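First up is the structure itself, then whatever we jot down about it.
The values are calculated or read from the model by the stated rules, or taken from the named source; none is laboratory data. These figures come from a predicted structure and were not determined experimentally. Note: ideal-geometry Cβ built from the backbone for every residue, glycine included; neighbour counts use all protein chains shown. Ligands, DNA and RNA are stripped out before the accessible areas are found, and what is left, the full protein with its side chains, is counted by its heavy atoms. Shrake-Rupley method; radii C 1.70, N 1.55, O 1.52, S 1.80 Å.
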Amino acid sequence: MTFWGKSRVEPETEHHLHESSSKMTIPLMVLAFFSVIAGWVSLPKAWHGSEAFDRYLEPVFNPATEALRHVPSEHLGGLSPAALMGFSVLAALLGIGVASWWYLKATDIPEQIASVSPISTGSLRTNITWTNFITGLFVHPLRVISEKFLWPVVDAGAIDNVMVNGTGESTTSVGDVLRHLQSGNITSYATWILLGAVLWLLFIFANHA
């Protein structure tokens with residue numbers, strides 16, 4: 001539908017369409033080149049490849065490999081890696097073939113299916129999409145938690161009031177107390193010295209009593 005389907009662009013905006021500039025196409029070409037290189041160095045042994053990239057990532061996948069060794073072989077159907085890859089490629093080609101037939105040749109088939117079972121195609125086109133699924137499962141709950149709890153309680157309540165504002169207010173309060181001790185008044189200093197000496201003597205007498 002994207003490359004061979006009927007254009008759904010409005011006529012007044014169609015003449016504004018153009019190829020992306022080299023600032024976007026050149027990075028894509030570089031990525032495509034290294035994707036081909038990565039696929040070539042990862043060519044599996046079933047296709048007479050070296051699996052060099054797999055060996056490079058072997059330390060990462062070792063735990064999974066060790067776990068799979070304990071899986072009974074009959075659970076895997078006794079299929080070789082080449083057979084598994086072959087079935088995957090056939091499944092992909094089958095999907096491409098059906099999609100090409102439905103949306104390029106017999107374009108009335110999708111509409112007929114949608115009219116018989118609107119849930120199968122209509123909902124997939126509108127509501128039941130992967131983005132909506134992820135949004136409903138993760139994004140929306142996290143947003144509610146953030147707006148109702150993390151921001152007012154943790155951020156504004158705990159971090160701002162206790163750590164940020166609380167630290168500043170505590171420092172200011174301690175400074176106000178200490179400021180009165182450094183008044184520059186000799187009489188005040190003598191009073192504090194006398195009070196300290198009395199308290200020190202009381203402490204000594206209490207420990208030796």
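Assorted remarks:
- Taken over the chain, the convex hull of the Cα atoms encloses 462 Å³ per residue.
- Once you reduce the stretch 16-38 and the stretch 138-209 to the center of their Cα atoms, the two points are 60 Å from each other.
- Calculated accessible area for the chain comes out at 86 Å² per residue, all protein chains present (probe 1.4 Å; ligands, DNA, RNA ignored).
- Distance (nanometres) between label positions extended 7 Å along Cα→Cβ at S188 and H18: 7.6 nm
- The chain - mean residue ellipticity at 222 nm from DSSP helices (-39,500 (n - 2.57) per run, n ≥ 4, rounded to 500): -19000 deg cm²/dmol
- Extension gain, L79 to E66, is 2.8 nm, computed as 0.36 nm per intervening residue step minus the present C-alpha separation.
- Mean separation of Cα contacts under 8 Å, 6 or more apart, over the residue count of the chain: relative contact order %: 10 percent
- Loop-located trypsin sites (Lys or Arg not before Pro) in the stretch 1-92 (DSSP state not H, G, I, E or B) with no more than 15 neighbouring Cβ atoms inside 10 Å: K6, R8.
- Cα point-scatterer Debye curve for the stretch 126-209, base-10 log of I(q)/I(0) at q = 0.15, 0.23, 0.24 Å⁻¹: -0.81, -1.03, -1.06
- Fraction of accessible area attributable to carbon and sulfur, the chain (%, probe 1.4 Å): 70 percent
- F34 accessible area, 1.4 Å probe, all protein chains in place, Å² to nearest 10: 120 Å²
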